[in-house]
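First up is the structure itself, then whatever we jot down about it.
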Amino acid sequence: MHYADKLDEALNRLHEEGRYRTFIDIERRKGQFPHAVWRKSDGTEQDITVWCGNDYLGMGQHPAVLAAMHEALDATGAGSGGTRNISGTTVYHKRLEAELADLHQKEAALLFTSAYIANDATLSTLPKLFPGLIIYSDALNHASMIEGVRRNGGAKRIFRHNDVAHLRELLAADDPEAPKLIAFESIYSMDGDFGPIEAICDLADEFGALTYIDEVHAVGMYGPRGAGVAERDGLMGRIDIINGTLAKAYGVMGGYIAASAKMCDAIRSYAPGFIFTTSLPPAVAAGAAASVAHLKTDQSLRDKHQLQAKILKMRLKGLGLPIIDHGSHIIPVIVGDPVHTKKLSDMMLDRFGIYVQPINFPTVPRGTERLRFTPSPVHGPNEIDKLVRAMDELWAHCALNRAELSA
């Protein structure tokens with residue numbers, strides 16, 4: 001076996017399909033986001049505006065968050081010193097879990113190093129706790145949920161995206177006595193559409209199933225205290241396990257579940273992804289706790305975020321661009337070809353200093369490749385004007401000169 005040749009083959013396939021991913025080296029500047037500096041490979045620098053970030057509300061530079069992190073760093077040092085079971089649980093971790101439990105009005109919360117790990121570890125552990133568990137998973141669930149369900153060794157059923165009738169068929173076909181769990185999302189990140197939370201909860205009640213919701217793209221941004229779409233819709237009490245992240249609207253890092261005290265205790269005790277992972281640094285936990293606490297009361301920031309998203313969608317629609325609009329803050333513009341998507345992304349960056357990463361298969365289906373814009377409260381009128389002008393010019397250029405895009 002020529003291992004290097006096999007690696008070349010695998011990488012060349014991505015290049016040939018136009019799906020090879022490149023990263024640009026950016027330096028975020030405190031107090032200036034969404035503006036940043038692109039450090040090019042030739043040693044030069046260019047000022048850019050980030051339009052594809054997950055720091056949805058700009059909390060990564062909020063003074064309350066930074067002050068909490070400085071205080072914890074000065075008090076405890078850099079790392080946690082171990083796993084949660086072995087010296088890695090500090091007052092900062094416990095404070096954050098208390099904030100999260102209060103946010104979701106649950107008895108407890110359990111902190112992980114990322115929402116990916118929280119999903120994977122929890123969903124792969126549940127069949128150990130409920131022998132014979134059948135998990136019903138939405139077809140467009142995040143990769144972390146898919147991986148957790150795949151690895152758990154239990155039975156699984158995939159229902160068509162947001163298709164409650166199909167979900168009902170699957171539930172009705174299984175043993176009424178078998179333990180069941182329905183796993184779905186509140187906002188699906190690629191199209192920005194909402195899950196039918198109430199209808200799924202009704203089915204869960206009817207068929208005796210647990211409910212598991214991923215609120216990663218909603219926590220901090222929806223609901224009167226930022227607990228997510230389930231809180232906004234008055235349904236949070238009907239969800240058994242809520243997954244969320246601290247790395248998007250909260251601007252820091254980490255993931256969690258919120259559930260009953262017994263559920264969190266059982267996952268804590270059985271999930272390898274929790275047991276054998278070094279805990280988050282105390283400074284990160286402190287910053288996340290400060291961010292969660294702040295956003296419980298800052299409705300004005302959520303309102304501004306939604307307003308900016310509405311403005312950008314309205315203006316892009318005015319250009320006649322093929323955007324997807326399900327009413328959320330996520331704004332996908334469908335290009336439909338990986339090579340063209342990458343070229344358009346490169347031109348936005350080179351000519352206009354606008355950074356928006358191309359999204360290709362397998363993240364989205366082939367033929368739906370896109371640019372996905374994520375406006376925030378710190379994207380002001382000037383930034384929006386510049387983006388709209390750039391898209392107007394380049395989209396027209398793309399339509400008239402496909403040859404250049406394919407070059």
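The table for this structure:
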| item | result |
| --- | --- |
| Cα-based helix-to-principal-axis angle, 115-129 vs the chain, degrees rounded to 10 | 30 degrees |
| Other-chain or far-sequence residues with amide H under 5 Å of S137's (modelled H) | R157, I158, F159, A183 |
| Gain on full stretching of the segment that runs from D163 to E393 - 0.36 nm per residue minus C-alpha separation | 78.9 nm |
| Entries of K6/K343; K94/K310; K156/K304; K40/K310 with Cα pairs more than 30 Å apart | K94/K310; K156/K304; K40/K310 |
| Note, ³J(HN,Hα) from phi for segment 68-75, Karplus 6.51, -1.76, 1.60, rounded to Hz, x at Gly and Pro | 5, 5, 4, 4, 5, 4, 5, 7 |
| Counted charge near H166, where neighbours are those whose Cβ lies closer than 14 Å (Asp, Glu -1; Lys, Arg +1) | -1 |
| Mean ellipticity per residue at 222 nm, deg cm²/dmol - from DSSP H runs of n ≥ 4 across the chain, formula -39500 (n - 2.57) | -13500 deg cm²/dmol |
| Kirkwood Rh and Cα Rg combined as Rg over Rh, evaluated for the chain | 0.98 |
| DSSP-defined beta bridges in the chain - what % are antiparallel, rounded to 5 | 55 percent |
| Residue-by-residue Karplus 3J(HN,Hα) for segment 227-235, coefficients 6.51, -1.76, 1.60, Hz, glycine and proline x | 7, x, 5, 4, 5, 3, 8, x, 10 |
| Beta bridge orientation in segment 75-215: antiparallel %, DSSP, nearest 5 | 5 percent |
| Cα lying deepest toward the dipole's positive end in segment 79-214, options G132, A98, G81, charges on Cβ | G81 |
| Segment 315-320 - phi-based ³J(HN,Hα) in whole Hz, Karplus 6.51/-1.76/1.60, Gly and Pro as x | 6, 5, 4, x, 7, x |
| Restricting segment 104-182 to trypsin sites (Lys or Arg not before Pro) in coil, as DSSP defines it, with at most 14 other Cβ within 10 Å | R160 |
| For the chain: relative contact order, % (alpha-carbon pairs under 8 angstrom, 6 or more apart) | 21 percent |
| Surface share of carbon and sulfur [accessible, 1.4 angstrom probe, percent] for the chain | 54 percent |
| Positive minus negative residues near A271 (Lys, Arg vs Asp, Glu; Cβ under 10 Å) | +1 |
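The values are calculated or read from the model by the stated rules, or taken from the named source; none is laboratory data. Remember, predicted model here, so these are calculated numbers, not experimental data. Every residue, glycine among them, receives a Cβ derived from its backbone with ideal geometry; neighbour counts consider all protein chains shown. Just the protein is used for accessible areas: all its heavy atoms, side chains included, with ligands, DNA and RNA removed. Shrake-Rupley method; radii C 1.70, N 1.55, O 1.52, S 1.80 Å.
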